[in-house]
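Below you'll find the structure, written out as structure tokens, and then a few comments.
Read the figures in this text as sums done on the coordinates, not as results from a lab. Not measured: the values here are computed from a predicted model. All Cβ positions, even for glycine, are placed from backbone atoms using ideal geometry, and neighbour counts span all protein chains on display.
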Amino acid sequence: MRIIFIGPPGAGKGTQATKIVERYQIPHISTGDMFRAAVTAGTPLGRKADEFMKAGKLVPDEVTIGLVRERIAQDDASKGFLLDGFPRTVPQAEALGGALDEDGLRLDAVLLLEVPDELIVQRITGRRSDPETGAIYHIEFNPPPAEVADRVTQRKDDTEVAVISRLDAYHAQTAPLVPFYDARSVLVRVNGVGAPAEIAERITAKLG
Ligand code: AP5
Ligand code: MG
């Protein structure tokens, strides 16, 4: 199974991806997580990505495309993968298509998680993550359990100011992927409003 997850910031891609990868036993490849790991490790990639991420801007295509090409060439991705947050621009989508074509592979589905902008700021500013397990929580919608509550952290780009830039980047640079993949008959639209379990059921019903 080769799946792409697209949707605005805070749509619930990470939350739902965890469930999908368990079900299909495929690696969860999140470019955002890869960049954050590089920032924490202080690598040259991390130093480059950090300034863009903090400002809510996309990391340049030439950096991102190389990173993903290397990642999907690894052994664990040979039977499939779920890409969360990539591609995010038309050149990224074209590069991915080219890489898959070279290997005679195709995408099974491009899931578009649809959530209106009005709900995004609240989802993003209330998000907390467990640095030990990577689990995603929300102070109101999915509060961390007591034993985890003291160690949860907030992402540096989860401020109201950065969210506005991230939404702008989504509409300007990522939304064109919707007609791009629709024209290739792989786009699957999923309503991302509702309880996470309900949304997981919608995804399962559509993926089969
Ligand atoms: P990335 O990490 O991909 O961030 P994003 O796309 O902005 O998405 P998020 O991770 O913020 O949201 P999500 O959809 O995963 O939602 P979540 O499940 O956590 O990218 C970060 C940055 O890295 C980018 O801005 C860019 O700089 C760079 N980058 C990454 N990929 C790139 C690329 N390909 N090209 C260039 N640059 C790139 O949920 C959010 C919150 O809502 C949580 O608190 C959760 O508990 C809650 N929640 C989830 N579902 C529900 C629900 N159904 N109801 C209520 N609350 C919910
Ligand atoms: Mg995410």
Quiz item: How about residue 156: which lysines have a C-alpha closer than 27 Å to its C-alpha, ignoring those fewer than 8 places off in the same chain?
Solution: 13, 19, 48, 54, 57
Quiz item: If amide H atoms are built 1.01 Å from N in the plane of the peptide, which residues on other chains or at least 5 residues away come under 5 Å of the amide H of residue 128?
Solution: 137, 138, 139
Quiz item: Given a cut-off of 23 Å, what percent of all Cα-Cα pairs of region 1-118 lie beyond it?
Solution: 29
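Report the FRET efficiency, 1/(1 + (r/R0)^6), for residue 1 and residue 161, where r is their Cβ-Cβ distance and R0 is 41 Å, rounded to 0.05.
After rounding, the FRET efficiency stands at 0.65.
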Quiz item: In nm, to one decimal, how far is the residue 78 label point from the residue 90 one, both placed 7 Å along Cα→Cβ?
Solution: 3.6
Quiz item: If you plug each phi of region 125-138 into the Karplus form 6.51 cos²θ - 1.76 cosθ + 1.60 with θ = phi - 60°, what whole-Hz ³J(HN,Hα) values come out, in order, with x for Gly and Pro?
Solution: 6, x, 6, 9, 10, 8, x, 7, 10, x, 4, 9, 10, 9
Quiz item: Top mean-square fluctuation among 141, 86, 35, Gaussian network model of the chain, C-alpha springs under 10 Å?
Solution: 141
Practice problem: Would you kindly work out the equivalent ellipsoid of the chain from its C-alpha gyration tensor and give its semi-axes, the square roots of five times the eigenvalues, largest first in whole Å? | Solution: 25, 20, 18
Practice problem: Could you tell me which of 121, 177, 65 has its Cα farthest along the dipole of region 61-178 towards the positive end, charges placed at Cβ (Lys, Arg +1; Asp, Glu -1), taken about the Cα centre? | Solution: 121
Self-check item: From phi via Karplus (6.51, -1.76, 1.60), per-residue ³J(HN,Hα) for region 20-28 in Hz, x at Gly/Pro
Solution: 5, 5, 5, 5, 9, 6, 10, x, 8
Quiz prompt | HN-Hα J in Hz across region 167-179 - Karplus 6.51, -1.76, 1.60, θ = phi - 60°, x for Gly and Pro | solution = 5, 4, 4, 4, 5, 7, 10, 9, 3, x, 6, 5, x
Practice problem: Return the single residue from 51, 198, 102 with maximal mean-square fluctuation; model: Gaussian network over the chain, springs between Cα atoms under 10 Å. | Solution: 102
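Assuming a ≥ b ≥ c are the square roots of the Cα gyration tensor eigenvalues, decide whether region 136-208 counts as rounded (a/c under 1.5), prolate (otherwise, with a/b larger than b/c) or oblate.
Working: a/c = 3.36, a/b = 1.38, b/c = 2.44.
In terms of gyration-tensor shape, oblate.
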Quiz prompt | Exposure proxy ranking, count of Cβ atoms within 10 Å, fewest first, for 181, 24 | solution = 24, 181
